[in-house]
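The values are calculated or read from the model by the stated rules, or taken from the named source; none is laboratory data. These numbers were taken from a predicted model, which means no experiment stands behind them. All Cβ positions, glycine included, derive from the backbone under ideal geometry; neighbour counts span all protein chains shown.
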Amino acid sequence: MHVPFAVSLLAVTLVIAGCVTHPVTGRSQLMIMPEGQANQMAYRAYSQMAKEKPTLPASHQASQRIQRITQRIVRQAVRVDPQAGGWRWESRVFRDDSVNAFAMAGGKVGINTGMLDKLQPSDDELAQVIAHEIAHALSGHTREKMSMAMTQQMGLSVATALGGLDAQTAAMAQQVATVAIDLPFSRRMELEADEVGLLLAARAGYDPHAAISLWRKMQAVGGSGGPEWLSTHPGSANRIQALERAIPAVMPEYRRATGL
Ligand SMILES: [Zn+2]
């Protein structure tokens with residue numbers, strides 16, 4: 001039975017070639033999807049979104065506020081992973097009542113007006129949201145989701161495509177990767193983004209305690225029709241406790257950044 005052997009050999013080769021270590025947490029991550037390709041997909045999705053959804057002009061006070069905070073976080077993100085310095089960083093405020101924010105692979109950041117209007121966040125709180133989202137991008141979480149989906153797909157399909165990755169298999173893997181964009185992040189990825197986001201914001205001079213007040217505000221506007229952010233970011237007591245436990249470790253970074 002040489003077929004399953006060849007299949008597993010290919011899968012093993014891909015897995016070995018595609019394993020990286022997270023620059024902050026040291027977690028081993030499966031990364032088969034190349035960064036350049038994931039970024040290109042994100043750039044297309046972002047420009048499509050910006051065409052379909054109205055955004056505030058770049059000169060608007062809210063846009064400038066988001067841009068200022070994002071730039072401070074990005075400077076710290078690039079210190080953690082210098083490759084992110086080559087990303088096409090951009091932030092926009094979308095006219096959308098739902099309480100939500102995101103950062104895509106390759107540095108495309110978006111905040112909804114709903115988040116600004118309904119939460120009335122301080123700069124420190126807004127920095128926590130942006131840093132959390134940038135932490136997902138910096139950690140390559142979307143690429144990791146795509147890579148996991150691709151491996152699973154290949155494991156099933158390579159038996160019929162022996163002789164390597166033919167065009168059909170490659171196209172299939174690409175399709176699977178596209179679908180994986182919309183899958184929620186795992187709990188482990190969420191905790192990692194909390195940890196990395198807290199660190200980035202502290203180094204940028206934003207008060208780590210704002211992560212707690214942000215979650216409390218998020219929960220206060222909850223209920224039906226509440227924050228869309230909460231549907232992908234369950235604000236459990238565990239999460240707040242984990243953040244509270246993580247704050248003392250990043251306080252020296254915050255003090256160094258602010259001189260307080
Ligand atoms: Zn998240």
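For the reader, a short list of remarks on this structure follows.
- Those residues of the stretch 24-42 which are in contact with a Leu (Cβ under 8 Å, 6 or more places away or on another chain) and at pLDDT 85 or above, in sequence order: Val24
- Within the stretch 232-247, the only residue that satisfies the criterion of being loosely packed, with under 14 Cβ neighbours inside 10 Å and touching a Pro at 6+ places or on another chain (Cβ under 9 Å) is Thr232.
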